[in-house]
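This report refers to the structure that appears directly beneath it.
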Amino acid sequence: MSRPRPYQTLIFRSLHAGQGILALLGVLTGYWLLNTWDPQVGGLPFPAAPAAVVDLHDEIGGLFTSALWVFVVYSLWAGRRRLVQGKSLTQLTNIGKPIWWYTLHRIVNTGLLILGGLVVISGEELDDEAMVQGIFSDWAYSLHVFAWLGIVALTVLHVLLSFKVGGIPLLLSVVSVKVRPKDWPSYWPQRLWNWLFSLNTRLNRH
């Protein structure tokens, strides 16, 4: 029996796609720079990256930062069920069961947000001039490379686990162009207001 295709909101698909594209461009331009100036990482027969690529990588980083914070807010708001839950550690004991795979998926999703934050923080501290001069020993550079490598690894796991928990229908739902009538951007302010109102109500109860 085939699985039904779930519906992903337009705002989720837009943020997810934008973040993914910017991350991919960041990885490609970043590796081009490393391949040019860092002998520990480089070695592929690519042409040397011109200085303009440094500026391009910085521009992509700025867009990635803006998109990341919006995505983090959305994930903590409407997408919180896709992140680590209070019972996640307990659910990890159910090895091989469906809830175990869902929990792994949530852990990977959370890890991607954390690593994205580390990319942004370390990127703000990077010294482009030092990199061009072949100086790669500072903490910001090491953390930046580590975070990007982590994002690549977790992205692969994210796709594999998405296929495991939802199959092809889940993967297709992320790239679907179908939009429900009340899912257009004109409805987003009202939905945000409703969420803020419900959040305020829950806080007042405690």
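The values are calculated or read from the model by the stated rules, or taken from the named source; none is laboratory data. Predicted model, so just to flag it, every value in this text is computed and none were measured. All Cβ positions, even for glycine, are placed from backbone atoms using ideal geometry, and neighbour counts span all protein chains on display. Areas reflect the complete protein model, heavy atoms only, side chains present, ligands, DNA and RNA absent. Shrake-Rupley method; radii C 1.70, N 1.55, O 1.52, S 1.80 Å.
What does a probe at Ala78 reach in the range 151-176, counting residues whose amide N is under 19 Å from the point 7 Å along Cα→Cβ?
170-176
What full-extension length gain, to one decimal in nm, is calculated for Trp100 and Glu129 as 0.36 nm per residue of separation minus the Cα-Cα distance? List each step's numbers first, then the result.
Details: separation 29, 0.36 × 29 = 10.44 nm, distance 4.60 nm.
Here the segment from Trp100 to Glu129 would lengthen by 5.8 nm.
Quick one: accessible surface of Trp193, probe radius 1.4 Å, all protein chains present, in square angstrom to the nearest 10.
Ignoring ligands and nucleic acids, Trp193 comes out at about 150 Å².
Taking only protein heavy atoms and a 1.4 Å probe, what accessible area per residue, in Å², does the chain have with all protein chains in place?
Values: 13100 Å² over 206 residues.
About 64 Å² of surface per residue is accessible.
Give the ranking of Phe64, Phe163, Phe146 by solvent-accessible surface, highest area first, calculated with a 1.4 Å probe. Could the numbers behind the result be given before it?
Numbers: Phe64 10, Phe163 105, Phe146 125 Å².
My answer, sorted largest first, is Phe146, Phe163, Phe64.
Using a 1.4 angstrom probe on the protein heavy atoms only, could you order Ser142, Ser176, Ser88 from most to least accessible area?
Details: Ser142 65, Ser176 30, Ser88 5 Å².
Greatest to least solvent exposure: Ser142, Ser176, Ser88.
Check every DSSP H run in the chain and write down those whose alpha carbon atoms cover 24 angstrom or more along the long axis and whose mean Kyte-Doolittle hydropathy is 0.0 or greater.
On the way: long enough: 10-37 (40 Å, 1.01); 51-77 (40 Å, 1.18); 98-125 (41 Å, 0.82); 139-175 (42 Å, 1.74); 188-205 (26 Å, -0.85).
Span-like helices here: 10-37, 51-77, 98-125, 139-175.
For Thr155, Thr90, Thr29, give me the order by solvent-accessible area with a 1.4 Å probe, most accessible first, ignoring ligands, DNA and RNA.
Thr90, Thr155, Thr29
Which whole-number percent gives the relative contact order of the chain, counting Cα pairs below 8 Å spaced six or more residues apart?
Details: 154 pairs, mean separation 52.7, N = 206.
So the answer I get is 26 percent.
Would you mind calculating the gained length between Tyr187 and Gln40 on full extension (0.36 nm times residue separation, minus the Cα-Cα distance), in nm to one decimal?
Working: separation 147, 0.36 × 147 = 52.92 nm, distance 5.03 nm.
Using 0.36 nm per residue and subtracting the Cα-Cα distance, I get 47.9 nm.
If I ignore ligands, DNA and RNA and count only protein heavy atoms, how much of Glu59 is accessible to a 1.4 Å probe, in Å² to the nearest 10?
The value for Glu59 is about 130 Å².
Would you mind computing, in nm to one decimal, how far apart the modelled labels at Asn194 and Tyr7 are, each placed 7 Å from Cα along Cα→Cβ?
Placing both labels 7 Å beyond Cα along the Cβ direction yields 1.2 nm.
Can you show me the helix-derived [θ] at 222 nm for the chain, built from DSSP H runs with n ≥ 4 at -39,500 (n - 2.57) apiece and divided by the number of residues, rounded to the nearest 500. Let's see the in-between values first.
On the way: 7 runs with 147 residues, N = 206.
Rounded to the nearest 500, it is -24500 deg cm²/dmol.
Counting Lys and Arg as +1 and Asp and Glu as -1, what is the net charge of the other residues whose Cβ lies under 9 Å from the Cβ of Ser176? Don't jump to the answer; show the numbers that get you there.
Numbers: positive: Arg5, Arg13, Lys178; negative: none.
It works out to a net charge of +3.
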